[in-house]
1. Given axes a ≥ b ≥ c from the Cα gyration tensor, I'd like to know whether the stretch 93-170 is rounded (a/c under 1.5), prolate (a/b larger than b/c) or oblate.
2. Could you work out the equivalent-ellipsoid semi-axes for the stretch 24-164, taking the square root of 5 times each eigenvalue of the Cα gyration tensor, largest first, in whole Å?
3. Considering the zone a paramagnetic label at residue 118 would reach in this model (a point 7 Å from Cα along the Cα-to-Cβ line), which residues of the stretch 142-167 have amide N under 16 Å from it?
4. Taking only Cα atoms and a 10 Å spring cutoff, compute GNM fluctuations for the chain and point out the largest among 107, 120, 96.
5. Counting only the backbone N, which residues of the stretch 55-78 are under 15 Å from the spot 7 Å out from the Cα of residue 38 toward its beta-carbon?
6. Ratio of the stretch 64-123's C-alpha Rg to 2.2 N^0.38 Å, to two decimals?
7. Find the relative contact order for the chain and round it to a whole percent, using C-alpha pairs within less than 8 Å whose residues are 6+ positions apart.
């Protein structure tokens with residue numbers, strides 16, 4: 001009887017400690033250099049969902065794009081070095097937010113610009129009988145509408161990624 005009783009006090013302790021385990025989003029990113037980052041990604045990859053892997057790839061691209069836009073980057077090595085510096089020691093959750101929120105902001109800005117251009121294009125009239133110009137204008141408007149829709153779809157997808165990962169959206 002005694003062995004059973006001694007296990008009963010251990011069950012609540014195990015249950016509480018199991019609930020406290022960190023998930024992959026709370027893991028710190030190790031990225032002092034390319035090798036360390038590659039090793040970290042290799043180690044964490046099995047614990048990530050497909051959605052988390054996609055979000056990490058999207059966040060990495062967006063953060064690197066921001067570095068390139070803001071500083072010129074200094075070539076691929078400079079962009080990578082700045083990227084590693086920006087993410088090293090932060091949680092994966094922070095890195096995903098750092099990449100996905102600016103992606104949404106950038107796409108919303110692009111969408112707004114497409115909307116304004118489409119409004120202007122709607123006021124353009126071609127000369128009567130100028131079919132090549134009318135066709136060109138129709139093609140341009142259709143192309144911009146498609147681009148606007150792609151941006152809106154990408155914004156929706158990025159917001160869904162943040163929602164799925166339980167991160168905050170802008």
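No value in this document is a laboratory result; all are computed from the given coordinates. From a predicted model like this one, the values you see are computed outputs, not experimental measurements. A quick note on method: Cβ atoms are made from the backbone with ideal geometry, for glycine too, and the neighbour counts reach across all protein chains shown.
1. It is prolate, given that a/c is not under 1.5 and a/b is the larger ratio.
2. 40, 17, 11
3. 142-156
4. 120
5. Inside the label zone: 77.
6. Details: Rg = 15.8 Å, N = 60, 2.2 N^0.38 = 10.4 Å.
Dividing the Cα radius of gyration by 2.2 N^0.38 Å gives 1.52.
7. Relative contact order for the chain comes out at 25 percent.
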